[in-house]
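For reference, the structure discussed in these notes is given below.
Just so you know, all these numbers are worked out from the coordinates, no wet-lab data involved. Quick caveat: nothing in here was measured; it's all calculated off a predicted structure. Using ideal geometry, Cβ is built from the backbone for each residue, glycine included, and neighbour counts are taken over all protein chains shown.
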Amino acid sequence: MIESLEGKRGVPRNRPPFPVTQGYLNKPTVVNNVETFALAARIAVYGGDGFAALGTKQSKGTKLLSISGDCLRPGIYEFPFGVSVREVLEACNAQDTQAVQISGAAGTCLSAKEFDRKIAFEDVATGGSVMIFNRQRDLLEVVRNFAHFFVHESCGFCTPCRVGTSLLKNLVEKVYTNHGTADDLKDMSYISQVLKTASHCGLGQTASNHIADTLKKFPEIYHKRLLVEANFEPAFDLDSALEDARQITGRKDEMAYL
Amino acid sequence: MSQLETATHSETLKRVVIEPLTRVEGHGKVTLLLDEDNHVHQARLHIVEFRGFEKFIQGRPYWEIPVLVQRLCGICPVSHHLAAAKAVDMLAGARQLTPTADNLRRLLHLGQILQSHALHFFHLSSPDLLFGINDAVAHRNIIGVIADHPDLGLQGIRLRKYGQEVIRIISGKRVHGTASLPGGMNKPLSLQHRALLLADIDQIITWSKGAVDLIKKVYLTNTDFHQRFGLIQSNMLSLVTTDGAMDLYHGGLRAKSANGKTIFDHIDYCHYHQYIHEEVKPWSYMKFPFIVSQGNEVGWYRVGPLARINNCDYITTPLAEIERQEFRAHANGGLVQASLAYHWARMIEMLYAAERIREILLDPVSTGTDIVAQGEEKSLEGIGVIEAPRGTLIHHYLVNDSGTIEKANLIVSTTNNNQAMNESIRQVAVEYLDGQTLTEGLLNHIEVAVRAYDPCLSCATHALGKMPLSVELVNHKGKLVDCLIKSSTGEITK
Amino acid sequence: MQLEEQTITIDGQKIPFQSGQTIMDAALAAKIYIPHLCYHPEFKPHGSCRLCTVMVNGRYESACTMPSVAGQEILNNTKELNENRRALTQMLFVEGNHICPGCPKTGNCQLQAVAYYVGMLSSHYQHFYPYRDLDPSHPDYVVDFNRCILCELCVRASRDVDKKNIFAISGRGIKAHLIINSPSGKLEDTDFAVGDKAAFVCPVGAILRKRTRYTTPIGERLYDKQSIRIVGDSQQLHAGATKYGRK
């Protein structure tokens, strides 16, 4: 953002130095979102005690949650920190929930087993986004959507994010179209880790979370679509490649099926 | 159009496909059309050629081309490298190389000839010639040769190795090195390397002479069979020097007709397209070149060892010249036309290559350090022609002002021999297959005919019997009548 | 002012550094190789290739941008980090069109040398085979965009040293690509010249002098005899270098 303000290409800066010491035009700069400013104003006006009484020991105060997806009452909610995911789901009247994506596409994907986890810095940290997916949803569709999103969002500055997000998207598409193999899942998992450890900024470091999370917590959405489960020799599918030729030549004899 | 190229009522005939036949680095196939009594009405050799290169080098800078196009082939990359290098010399305006660079290029090319000919003869063809076409498949390979004739087999391997050492020393790698620059070479020959090569050259010449004696003995033992097998009458094309000597690196184009008369001579190869045109046929991906003055029906020709030994007036090295004279004496004044005589001619060339390597190594100019000529006049057209192991190879490039390739035309040896190989397999099909039931021996007869011309065709299937091959006989209703399958272990099943 | 001796530790080896040096600067001065492609000691570090990612006190950081701080415990030559580097190198290979056998830079190419160093045997990932052009318009130089790895060294050299601003990056994400700042987009319409810094900094074969190629025989090329770990960058400049702007 600061680069853009200065009229440069919108790529992330190297940190350190952090904006607090050298930001816009190399001057100390405060970069925060609206919620932070609003809460800071409230504390300034009403004092910090009331605010600090809410929440947990490490996460004091409240958090705005922007709830969307498969629930009857989506919208903006304010909860004290420490609220469980289950309480949030009940508050917005979500039924038959399969998964909850906390903190946006780059956040954490929680399965039903984890709904007792708390929204707090010490447990599930969030910027505020909560996306709810019920059991009618095909989670791989969600993954696809996120994978495409990150290809679009990557600024292209650093290698892992620039190339890795596209590699991941292609692999997700490959699995989605029933061409994937167990080796592809291994690659997805490894690329996810490379993005996390080697990317230049937070976007790249988190751009593979949705894949890493779902591979771990919802492996069946991938496995049920694999071409074969094991012992696959990576190659092209000779038989389906021959199908076009069979159609054209009208051959149905035994030797036309290698 | 030759007899058997296209049958008149093909729809009523049975179709036999030999596929993959194995070809230049990949797949080739032979199709035969037979009637109810198994008489052959049509025989065609199909090869998917390397035309892709002409397209994908478009837009590339010309100075990258010699290194790029050598990837056309893993057996004779040096020939492509040098043909392109000669074309690039023209583009850079530096056709006149320094004497040292000229020697080094020739040395590199002779190493190529030596290794390729040794490979072709010993590894790929000698099993057919030594054991017979019907010998057991498991035995009919280089391993069988080493088992039965250990000295001979190892000589073949060492001859090839020597050729590859020459290539490695000049170009840095045995396969796909770098050597030529526009107007010269990138490295002189050191005295140490010269000494290394000289140490073994006399042995190499002796073995090469032994190889000529061997093929001569084999060929003359069953003369009638060897002369008739795949026999066709063709024109011949090759490069010769201004005084008519055989030269594999440079010269003018000479073509002789089947009866030995000269069609054209000492043609500057830069004008090749006035003398040679290419015909496209609907059934093959490979073009069919022909000599313009003879027309496309009878103007096709053969290239390679047979053409070169037939075409030249003499060979500059003494031992090979004696062999050439004996070879030509068998044609009673005409040209030797037997397809299997290719092998004999090939071994004479190998002997020549060995002798020439010694001459060049002993020439003090070869270890000079003046290896790059500076060009002045730039040209937008570059043509390089060379005698590759399997025959005349033409590289032709057009570039634009910024130095990138606009258009390329490559006529490779296999293309030059396209019609001739087709004619030979037709001859073999008529002679050995007509009216017969399919056998593995028949299948191999076809391969032996192709193998006489082009080692790449056979290397994939025959060398160690690794390549699976199936011949199927399908009747005109598309029903499978007969099928032979050669597995990757060389086992034949019905 | 006499600088007091401060040290950091890389893979258990204690090395000194001066204030203002990055981990990369200190490592190079101590002859410790940290794989890198976009780093060049004469330019402001960029941190985009991510090859130099090391573990600093338990966190992943790029060595070329991370300032040395006394007492840092740094892991560099570890199996995990080198595997990451191999994956990153493979990504660079599949992203562009890197045909080493036909490239004039082969044997002198930093990308190729790094690939050897990290033990890359294949590109592994699916190739993108992007359609990229070649700009042969300039009389002396050819720009082959197929081989660009977006290190921006030419961008930095042209902007910061040559003061010509001839190169730039355009496009986002996987579509990011090198462009030439001229009305036609062609190099011939810039004031690019043979002596420019930008003509020498390309670590791969994207910006090459015309015509004179393959002049160094196989066996004598930069990386033929020794690994890039010993030989260093293809520009041969970084031995003993400390911080950008001075040697």
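Would you mind ranking B:E423, B:E406, B:E355 by Cβ crowding within 10 Å, fewest neighbours first?
In increasing order of surrounding Cβ atoms, one gets B:E406, B:E355, B:E423.
Taking other C-beta atoms within 10 Å as the exposure proxy, B:W207, B:W300 rank B:W207, B:W300 from fewest upward. Measuring from centroid to centroid over Cα atoms, what is the spacing of segment A:85-120 and segment C:19-48 in Å? Their Cα centres are 44 Å away from one another.
Toward the positive end of the charge dipole of the protein assembly as shown, with +1 on the Cβ of Lys and Arg and -1 on the Cβ of Asp and Glu, the farthest Cα among B:Y342, A:F149, B:Q96 is that of A:F149.
Under the √(5λ) rule applied to the eigenvalues of the Cα gyration tensor, what semi-axes describe the equivalent ellipsoid of chain B? Give them in Å, descending.
On the way: eigenvalues 263, 137, 88 Å².
The answer is 36, 26, 21 Å, longest axis first.
Considering only GluC sites (Glu not before Pro) in DSSP loops that have at most 16 other Cβ atoms within 10 Å, the longest stretch of chain C without any of them is C:6-219.
Assuming charge only on the beta carbon of Lys and Arg (+1) and of Asp and Glu (-1), the dipole of chain C about its Cα centre is about 220 debye to the nearest 20. Here B:D148, C:D160, A:D184, A:D96 are placed in order of increasing Cβ neighbour count within 10 Å, fewest first, which gives A:D96, B:D148, C:D160, A:D184. Of the chymotrypsin sites (Phe, Trp or Tyr not before Pro) found in segment C:102-208, the ones in coil according to DSSP and having at most 11 other Cβ atoms within 10 Å of their Cβ are C:Y131. Distance from the Cα centroid of segment B:72-109 to that of segment C:90-153 is 27 Å (rounded to whole angstrom). In plain terms, if you count all Cα to Cα distances in the protein assembly as shown and split them into 20 Å steps from zero, the share in each step is 11, 33, 32, 17, 6, 0 percent. Build a GNM of chain C with springs between Cα atoms under 10 Å apart, and of C:Q13, C:Q72, C:Q90 the one that fluctuates most is C:Q13. Looking at segment A:141-213, which trypsin sites (Lys or Arg not before Pro) are in a loop (DSSP not H, G, I, E or B) and have at most 14 other Cβ atoms within 10 Å? Sparse-neighbourhood loop trypsin sites (Lys or Arg not before Pro): none present. Based on DSSP H segments of at least four residues, each scored -39500 (n - 2.57), chain A has a per-residue ellipticity at 222 nm of -12500 deg cm²/dmol.
Of the residues B:I57, B:I360, B:L237, the one whose Cα sits farthest towards the positive end of the charge dipole of chain B is B:I57 (charges of +1 on Lys and Arg Cβ, -1 on Asp and Glu Cβ, taken about the Cα centre). Taking chain A as a Gaussian network of alpha-carbon nodes connected by springs under 10 Å, the highest mean-square fluctuation of the residues A:Q22, A:Q101, A:Q193 belongs to A:Q22. For segment B:204-266, the list of trypsin sites (Lys or Arg not before Pro) that fall in a loop by DSSP and count at most 16 other C-beta atoms within 10 angstrom reads B:K261. Taken about its Cα centre, the protein assembly as shown carries a charge dipole of about 2120 debye when Lys and Arg each add +1 at the Cβ and Asp and Glu each add -1 at the Cβ. Centre-to-centre, using Cα atoms only, segment A:147-211 and segment B:192-217 are separated by 59 Å.
Value of Rg to Rh for segment C:76-230, rounded to two decimals, is 0.97; Kirkwood radius and Rg both from alpha-carbon coordinates.
Taking Cα centre as origin and charging only the Cβ of basic (Lys, Arg, +1) and acidic (Asp, Glu, -1) residues, the dipole magnitude of chain A rounds to 960 debye. Structure remark: mean-square fluctuation, Gaussian network model of chain A, C-alpha springs under 10 Å; the largest value among A:S240, A:S66, A:S189 belongs to A:S240. Counts of other chain beta carbons within 10 angstrom of each beta carbon in peptide A:67-78 average 0.
Would you calculate, for chain B, the mean residue ellipticity at 222 nm contributed by helices, counting each DSSP H stretch of 4 or more residues as -39,500 (n - 2.57) and dividing by all residues, to the nearest 500?
Estimated from H runs of four or more residues: -12500 deg cm²/dmol.
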